[in-house]
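The values are calculated or read from the model by the stated rules, or taken from the named source; none is laboratory data. Here the structure is a predicted model, which is why all the values come from computation and not from measurement. Backbone-built Cβ (ideal geometry, glycine too); neighbour counts: all protein chains shown. For the accessible areas, the whole protein counts, side chains as well, though only heavy atoms, and no ligand, DNA or RNA atoms are used. Shrake-Rupley method; radii C 1.70, N 1.55, O 1.52, S 1.80 Å.
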Amino acid sequence: MDLSELERDNTGRCRLSSPVPAVCRKEPCALGVDEAGRGPVLGPMVYAICYCPLSRLADLEALKVADSKTLSESERDRLFAKMKEDRDFVGWALDVLSPNLISTSMLGRVKYNLNSLSHDTAAGLVQYALDQGVQVAQVFVDTVGMPDTYQQRLQQRFPGVEVTVKAKADALYPVVSAASICAKVARDQAVRNWQFVEKLQDLDADYGSGYPNDPKTKAWLRRHVEPVFGFPQFVRFSWRTAQSILEKEAEDVTWEDSGTEDQEGLGRITSYFNEGPRTRPRLPHRYFQERSLEAATSL
């Protein structure tokens with residue numbers, strides 16, 4: 001899977017798709033929607049669609065596709081390779097949302113919560129398939145939030161399509177299982193090949209599962225928190241786990257109108273540049289490196 005666009009710039013989002021099989025522009029198709037990486041505090045969230053003609057659903061099922069969470073990494077890779085071999089009747093598309101995009105959406109002045117972001121991304125991929133000429137007749141979606149409300153929203157947006165939204169759809173409908181495999185293969189590759197724009201010292205690539213309750217993930221977050229600039233962009237700042245570590249490990253911010261009692265015990269920003277004793281040596285943050293800024297010892 002070619003994720004070179006994401007590797008060049010992993011601060012926003014990128015879309016990747018297979019060629020549209022000719023038969024999918026002629027025959028009515030079923031399309032499945034699923035995601036991977038919604039819950040982790042590390043790495044991107046990937047939404048995927050997979051589609052094939054209604055007349056070939058049995059052939060897709062014969063591939064033994066299943067919910068990606070029940071498959072090993074090697075099994076997912078094998079099945080994705082098989083779907084690529086069957087490109088004469090199977091098509092897919094991905095939308096990869098970076099941690100930076102997720103965090104800035106959720107923490108912006110106008111809040112854009114994860115459910116809304118998920119719903120809009122899924123709908124955007126369905127629209128993308130239609131725009132590519134895929135004759136979408138049925139859409140099956142693994143739900144985010146209340147399935148009835150979600151289904152109603154999608155049905156209103158795509159009135160000419162039969163929409164089904166269910167919990168555990170990735171275990172019920174092969175076309176959703178196939179989408180879940182595409183999403184998981186893409187996320188695993190994105191995490192494995194993540195290009196850190198920050199010059200991290202002694203980078204440890206063993207993040208654990210990336211989920212907030214994983215002790216190994218929490219330990220990685222504590223090792224790579226920067227006291228002023230926070231976490232690398234690989235981290236979703238908007239997750240409570242990340243916020244809790246920032247509150248304990250990073251410097252507090254005091255505003256001009258803060259009372260003096262709120263400032264007691266706080267360090268001065270100039271201490272950030274001092275060469276005093278630290279728990280571990282620290283390279284200059286990329287903010288300074290990109291601007292060729294160095295601490296001045298004399299004037």
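As I understand it, the value is the acute angle between the Cα axis of helix 147-157 and the longest principal axis of the Cα atoms of the chain; what does it come to in degrees, rounded to 10?
It is inclined by approximately 70 degrees.
Summing +1 for each Lys or Arg and -1 for each Asp or Glu, what net charge is found among the other residues whose Cβ lies under 12 Å from the Cβ of LEU71?
Spelling it out: positives minus negatives among the neighbours equals -1.
Relative to the longest principal axis of the chain, what angle (0 to 90°, nearest 10) does the C-alpha long axis of helix 73-85 take?
Tilt relative to the chain: about 50 degrees.
May I ask you to compute the full-extension gain from LEU130 to LEU172, defined as 0.36 nm times their residue separation minus their alpha-carbon distance, rounded to one decimal in nm?
Numbers: separation 42, 0.36 × 42 = 15.12 nm, distance 2.37 nm.
The LEU130-LEU172 span can extend by a further 12.8 nm.
Grab the alpha carbons of the range 144-205, take their convex hull, and tell me the volume per residue in Å³.
Residue-normalised Cα hull volume stands at 150 Å³.
Taking the alpha-carbon distance from LYS69 and a cut-off under 15 Å, which aspartates and glutamates remain once sequence neighbours fewer than 8 residues away in the same chain are dropped?
The reachable aspartates and glutamates, counting only those whose Cα sits under 15 Å from LYS69, are ASP34, GLU35, ASP77, ASP142, ASP170, ASP188.
Computed FRET efficiency, Cβ-Cβ of ARG157 and GLU85, R0 25 Å: what is it to the nearest 0.05?
For ARG157 and GLU85, the calculated efficiency is 0.15.
With all protein chains present, how much of the accessible area of the chain (probe radius 1.4 Å) comes from carbon and sulfur, to the nearest whole percent?
Roughly 49 percent of what the probe reaches on the chain is carbon or sulfur.
Considering the Cα positions of the chain, please state its Rg to one decimal place and its Dmax as a whole number of Å.
Gyration radius and largest Cα-Cα distance of the chain: 22.6, 77 Å.
Listed here are the pairs LYS26/LYS168; LYS64/LYS168; LYS82/LYS184; LYS64/LYS184; LYS64/LYS84; which of them are more than 20 Å apart at the Cα?
Long pairs (Cα-Cα over 20 Å): LYS26/LYS168.
Loop only by DSSP, 16 or fewer other Cβ within 10 Å of the Cβ. Give me the chymotrypsin sites (Phe, Trp or Tyr not before Pro) in the range 97-145 that pass, ordered by residue number.
Listed in order of number, the matching sites are TYR112.
Report, in degrees rounded to the nearest 10, the 0 to 90 angle that the Cα long axis of helix 114-131 makes with the longest principal axis of the chain.
Compared with the principal axis, the helix lies near 40 degrees.
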